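Have a look at the structure below, then the notes.
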Amino acid sequence: MKPDSVKHIGIIGLGMIGDSMAVLTTGHGYKTTCIARRAEMIPEYKKTYDNYFRQMIDQGLMPENQTSVCEKFLKYTLDIGEIADCEIIFECVTEKLDLKYEILAQIEATCPNVKAICSVSSSFTPDMMAEKMTKYKDRLIVTHPFNPAHMVPFFELCGGKDTAPGVLEFAKEVLESLDRKPVILKKPTPGFIGNRLQFALWREALNLVESGICEPRDVDTCLNYSFCPRYTSIGMYEHFDNGGLNLNIMTCNTVFPTLSNIDSAPAAITDRIARGDLGARAESKTGFYDWNGVDMKAYQERVNAPYWKFINWDLPKEDQ
């Protein structure tokens, strides 16, 4: 249910996250204004917006006319003054601290009604970004999504030392009205929850390969066909509680001492970078795998497959 207090959502900074957020907000019937930095890019942003809706329509999740219905709630502009009345603003600009300082200063100068300034930063804490703010540092929080934000429901929220009471809860309420699954961290930490878990697993995956225990494909096969599918319907704490902590402690004490504890990227990554083997988007199209000749459309379909089930929105209708 949409909060009555939110009439207008602002999005600053388009691209992967900003475009996806616009799909999410207009797909729930929120008036949304997107602030672009370059006029010549707006047609590309709109093309991406249309393509996201086309994908959902092709999956049978929306009627054929849904793009035209939702785009009535959408506006692109270069003028930040157009979001002066917004109650919530999602700041989605590139991960450069000086640029975020600039945008936050513009918000402070322009948007007196804003109740929550939600940065989608994946690395900067609210305290870092608020350093040069003078008026609304008490309204600044991080709302970190996973890409694409309109498909992956999870958001992790955290405030800073100056965040006012109620700001995180207000942002959480808005995100829940967008059918997201937000959680509030008790305090900021690098990588928040999701990336800390993902990179702890990645560190050990690298260790298994570097130690000669298995090949990259073996790790991926393990993830595809062992415990990862389980965690789409139950949680890790649920799983180990159900199994019994008396069994868990024995495995912890046996396995923990053997796990990798490196604190920087290993040779498995740095050597490949030095060779130019940067992954699927590299000129060589090589990384841990050889991506030459891979059907990337089919690969993207596999990427999206687990998330279609989460798109069950109360969509705006033609007459709204």
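The values are calculated or read from the model by the stated rules, or taken from the named source; none is laboratory data. What you see is a predicted model; the values in this text were computed from it and never measured. As a convention, Cβ positions derive from the backbone with ideal geometry for all residues, glycine included, and neighbour counts pool all protein chains shown.
Out of all the residues in segment 156-191, which are among the hydrophobic types (A, V, I, L, M, F, W, C) and either outside the structural domain of Asp138 (by TED's automatic domain parsing) or under 17 Å from Ile9 (Cα atoms) (or both)?
Val167, Leu168, Phe170, Ala171, Val174, Leu175, Leu178
Among the listed residues Glu156, Glu95, which satisfies the condition of being under 21 Å from Met21 (Cβ atoms), out of contact with any strand residue (DSSP E or B) (no Cβ under 6 Å at 6 or more places or on another chain) and among the charged types (D, E, K, R)?
Glu95
Kindly list the number of the only condition in (1) out of contact with any His (no Cβ under 8 Å at 6 or more places or on another chain); (2) surrounded by 17 or more Cβ atoms within 10 Å (Cβ to Cβ); (3) without any contact (Cβ under 8 Å) to a residue 60 or more places away in the chain that fails for Ile57.
(2)
Name the residues in segment 128-159 that are among the aromatic types (Phe, Trp, Tyr) and surrounded by 24 or more Cβ atoms within 10 Å (Cβ to Cβ), would you?
Going through segment 128-159, the residues among the aromatic types (Phe, Trp, Tyr) turn out to be 136, 146, 154-155.
The answer is Phe155, and nothing else.
Are any residues in segment 165-199 of a type in the set (Lys, Arg) and surrounded by 15 or more Cβ atoms within 10 Å (Cβ to Cβ), and if so, which ones?
Lys172, Arg180
From the set of residues in segment 245-270 that are under 29 Å from the mean Cα position of the chain (by Cα) and of a type outside the set (A, V, I, L, M, F, W, C), which is farthest from Asn207 (Cα to Cα)?
If we filter segment 245-270 for residues that are under 29 Å from the mean Cα position of the chain (by Cα), which is where we start, we get 259-270.
When the remaining residues are screened for being of a type outside the set (A, V, I, L, M, F, W, C), the result is 260-261, 263-264, 266, 270.
Working: Ser260: 6, Asn261: 9, Asp263: 12, Ser264: 12, Pro266: 8, Thr270: 14 Å.
Step by step, filter segment 245-270, then rank; the result is Thr270.
Is at least one residue of segment 92-110 modelled with pLDDT of 95 or more and within 23 Å of Tyr307 (Cα to Cα)?
The answer is yes, given that some residue of segment 92-110 is modelled with pLDDT of 95 or more and within 23 Å of Tyr307 (Cα to Cα).
Which members of segment 60-70 meet the condition of being in contact with an Asp or Glu (Cβ under 8 Å, 6 or more places away or on another chain) and surrounded by fewer than 16 Cβ atoms within 10 Å (Cβ to Cβ)? Steps first, please.
Step one: filter segment 60-70 for residues in contact with an Asp or Glu (Cβ under 8 Å, 6 or more places away or on another chain), giving 65, 67, 69.
Listed by number, the list holds a single entry, Asn65.
Looking at (1) touching a residue at least 40 places away in the same chain (Cβ under 8 Å); (2) out of contact with any Ser or Thr (no Cβ under 7 Å at 6 or more places or on another chain); (3) buried (at least 23 other Cβ atoms within 10 Å of the Cβ), can you tell me which one Ile117 breaks?
Every condition holds for Ile117 apart from (1).
To keep it simple, each residue is scored yes or no on (1) touching a residue at least 60 places away in the same chain (Cβ under 8 Å); (2) more than 14 Å from Arg180 (Cα to Cα); (3) not in a loop (DSSP other than H, G, I, E, B); (4) not basic (Lys, Arg).
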position	(1), (2), (3), (4)
Pro3	yes, yes, no, yes
Gly10	yes, yes, yes, yes
Ile17	yes, yes, yes, yes
Ser20	yes, no, yes, yes
Val23	yes, no, yes, yes
His28	yes, no, no, yes
Cys34	no, yes, yes, yes
Arg37	no, yes, no, no
Met41	no, yes, yes, yes
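For segment 89-115, name all the residues that are more than 21 Å from the chain's Cα centre (by Cα), hydrophobic (A, V, I, L, M, F, W, C) and assigned to a loop (DSSP other than H, G, I, E, B).
Cys111, Val114
Quick check on segment 302-318: of everything there that is surrounded by 11 or more Cβ atoms within 10 Å (Cβ to Cβ) and in contact with an Asp or Glu (Cβ under 9 Å, 6 or more places away or on another chain), which residue is farthest from Asp58 (Cα to Cα)?
Among residues in segment 302-318 that are surrounded by 11 or more Cβ atoms within 10 Å (Cβ to Cβ) and in contact with an Asp or Glu (Cβ under 9 Å, 6 or more places away or on another chain), the one farthest from Asp58 (Cα to Cα) is Asp314.
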